[in-house]
Each structure stands twice: as C-alpha cells, then as structure tokens.
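A short reminder: the numbers here are calculations on the coordinates, not readings from a lab. Quick caveat, the model's predicted, so the values are computed rather than measured. Note that we place each Cβ from the backbone using ideal geometry, even for glycine, and neighbour counts take in every protein chain shown.
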Amino acid sequence: MKHLLKLSDLSTEEIYGILNLADQLKYERKNHIAHPYLQGKKLGMIFSKSSTRTRVSFEVGMTELGGHALFLSDRDLQLGRGEPIKDTARVLSRYLDGIMIRTFAQQDVEDLAKYGTIPIINGLTDYCHPCQVLADLMTIREYKGSLKGLKLCFVGDGNNMANSLIVGGIKTGMEVSIACPDTYRPDAQIVEWAQKNGKLTVTSDLKAAAANADVLYTDVWASMGQESEKAEREKVFRGYCIDSQLMQAAKQDAMVLHCLPAHRGEEITDEVFESHAEEIFDEAENRLHAQKAVLVKLMK
Ligand code: CP
Ligand code: NVA
C-alpha cells in the first residue's frame, strides 16, 4: 500500500490490517502508552473544503505519533491561484513525508500521487471518503464484533459517502443496501463492481432497504460544493430520513451512524440522532485512530 486514494485500491487484507492497527493504537492511547511511530515525519494537509473532524484528527494524530502536521488552505497556497497540481506535487514532495488532501475532483488526488514521490491520502473528494469509511468499519466491528454477514443500509444521496460505504462494505463481506432517489444513485461503475462481487441493492424504497439492517447510515442531502442546489435537493430528498418509523424496519439492535456534520430534521431526526449519539461520537473519535493507522502504514 503506497497511497490511500480510494478504498477500491485496497485489498480486504489491507483493510483489516488498518483496522487491527487502529484498534492497537486506540488501546495504546487509552492506556497512555507512548506510540511515536512517526518521529520527525511531516504531513502536509491541503484543504479546498471546510473540515472539523478530518483536520483536527489528522493534526492531533500526527502529534501523537511524534510527527508534525501543516495545515495548507488552498486559499493561501499558489494552488488556489492556478499553480498546477503536478508542480505542487513535485515541490511538496521535496519538503514533506506525506500529503493529505481534501478537494473536489478525484483526479486531483490521483495526479498528486502520480507526480509526487510521497504517500498521498484522500481526505474526501466528490467521489469518495475512504478515511471516514475506515473509521466506520472500525466502529461497526467494535459494536458488532465482526463485519462479515451484517447488513449496512445507507439512506440519502448516492454521494461520496455512499460510494465508499459500498466498496468498504462489500470488501468486508457485508450486504449493502442504498435507499436513494432514482436521479441520485451512487457511481454506476461502483454499483456494477459491487453487484458482481457481493450483495448490493439500490432502491428508492426506504423500508425495503432498511429491512433487517444491522446498521443504518445517512449523510447530508447537499454536500460541500452543492450549496447552490440546496433548494432543489430539499424537494427531491424530502422523506429520505432516518426516523423512528424507519428504525422499526431495521433489526431491533440496529446501530445508527452519521459521518457528520448532521442536519437534524432533514436526513435524520433529532430523536434518532440523540438516542444513538454514543455510536455516532465513537465513530467520530475513531477517525483519529483509523487515520493514525493509515499514517503509520504509509509513512513509517
Ligand atoms: N466527516 C467528516 O469528514 O467531517 P469533517 O468535514 O468535519 O472533516
Ligand atoms: N457528503 C458530505 C460528507 C461530509 C463529511 C460532503 O461531501 O460534504
């Protein structure tokens, strides 16, 4: 494993390798056992979109591993004024030991890896969000003991989260169902791959998708960069919501996860959110542990 550009690049063994190391790092942190596996290493973090969890967990993670993280907003980098990605990649490769990037086009992340000489980590693109799903898999395994054979249901937009959840779910042997409007389906190639390699259903029938689910997952109706579509999306997605009624369709002990930030009253009710807050904030915490594992795998 040289980069983390998207989950489909990883084997099932590599995914479990990250999850196991993440569990170990969580244990070490909890028990105040020093774990400076990246002493002196430097991570650049390029952001073209906002972030709370990704930014803070990567920065704290690097510090805890004995390294250092640099926050690089594209508003300040020459990248934001048009310096090409391929030049940025070659320059930053001379200073840093790794780059995490959050941006719009997946191609930019792939190009950083192509032209740079250091590990690249995708911190979210319009196409996928692999770091989030590694933390999600870690959280589901913590609560349920194992992943294989569970049913994971995602409700909402067939966006970056849906794409990565499909890949991560299928690779770890879960059954995945997506409830979305017909016009907002996940990436067609990912759907085709998943249906060949596992059990995936995509439907606009929420109840059918949620039936017998072990995990219900949702995300915002309008993602970062789609602010101008907000009004239109509110109409199309109305009803694509995890509420107490939908919970009835899932297993009685079903978990609820949300990558956050959440819009209560849209994709999830306040009641469901608050009654599953423990799981949701464990999930947010696990971003730290899962990403530290990725950093160690790539940069040690
Ligand atoms: N879930 C997630 O990636 O959160 P941030 O946008 O706050 O980083
Ligand atoms: N789909 C959301 C996820 C945020 C973590 C977005 O891209 O804005």
>> Give the aspartates and glutamates reachable from LYS235 as a straight Cα distance under 15 Å; neighbours fewer than 8 places away on the same chain don't count.
In response: ASP157, ASP182, GLU227, GLU266, GLU267
>> Rounded to the nearest 20 debye, what is the charge dipole size of the chain about its Cα centre when +1 sits on each Lys and Arg Cβ and -1 on each Asp and Glu Cβ?
In response: 980 debye
> Once the dipole of segment 97-145 is set up with Lys and Arg at +1 and Asp and Glu at -1 on Cβ about the Cα centre, which of GLY116, PHE104, VAL133 lies farthest towards its positive end?
Replying inline: VAL133
>> Give the separation of the Cα centroids, segment 129-191 to segment 222-267, in Å.
In response: 15 Å
> Given +1 on the Cβ of Lys and Arg, -1 on the Cβ of Asp and Glu, and no further charges, what dipole in debye does segment 167-300 carry about its Cα centre, rounded to the nearest 20?
Replying inline: 660 debye
> LYS151: which lysines have alpha carbons under 21 Å from its alpha carbon, excluding same-chain residues fewer than 8 sequence positions away?
Replying inline: LYS171, LYS196, LYS199, LYS207, LYS251
>> What do you get for the angle between helix 12-30 and the principal long axis of the chain? Use alpha-carbon atoms, 0 to 90 degrees, nearest ten.
In response: 80 degrees
>> Please arrange GLU274, GLU227 by how many other C-beta atoms lie within 10 Å of their C-beta, fewest to most.
In response: GLU227, GLU274
> Reachable aspartates and glutamates from LYS86, Cα under 19 Å, same-chain residues fewer than 8 places away excluded?
Replying inline: ASP74, ASP76, ASP97, ASP108, GLU110, ASP111
> Which ordering of THR12, THR88 is given by a fewest-first count of other beta-carbon atoms within 10 Å?
Replying inline: THR12, THR88
> What residues qualify as long-range amide H neighbours of ILE242, i.e. H under 5 Å apart, gap of 5 or more or another chain, H built at 1.01 Å from N?
Replying inline: ILE268, THR269
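Exposure proxy check: SER48, SER164, SER244, SER223 ranked by fewest other beta carbons within 10 Å? Intermediate results must be reported in sequence, preceding the final value.
Working: SER48 21, SER164 27, SER244 10, SER223 18.
Going from sparsest to densest Cβ surroundings: SER244, SER223, SER48, SER164.
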>> For the chain, what does the helix formula give at 222 nm: sum of -39500 (n - 2.57) over DSSP H segments with n ≥ 4, over the residue count, nearest 500 deg cm²/dmol?
In response: -14000 deg cm²/dmol
>> Tell me which of THR54, MET255, TYR184 sits at the most positive position along the dipole axis of the chain, charges placed on C-beta atoms (Lys, Arg +1; Asp, Glu -1).
In response: THR54
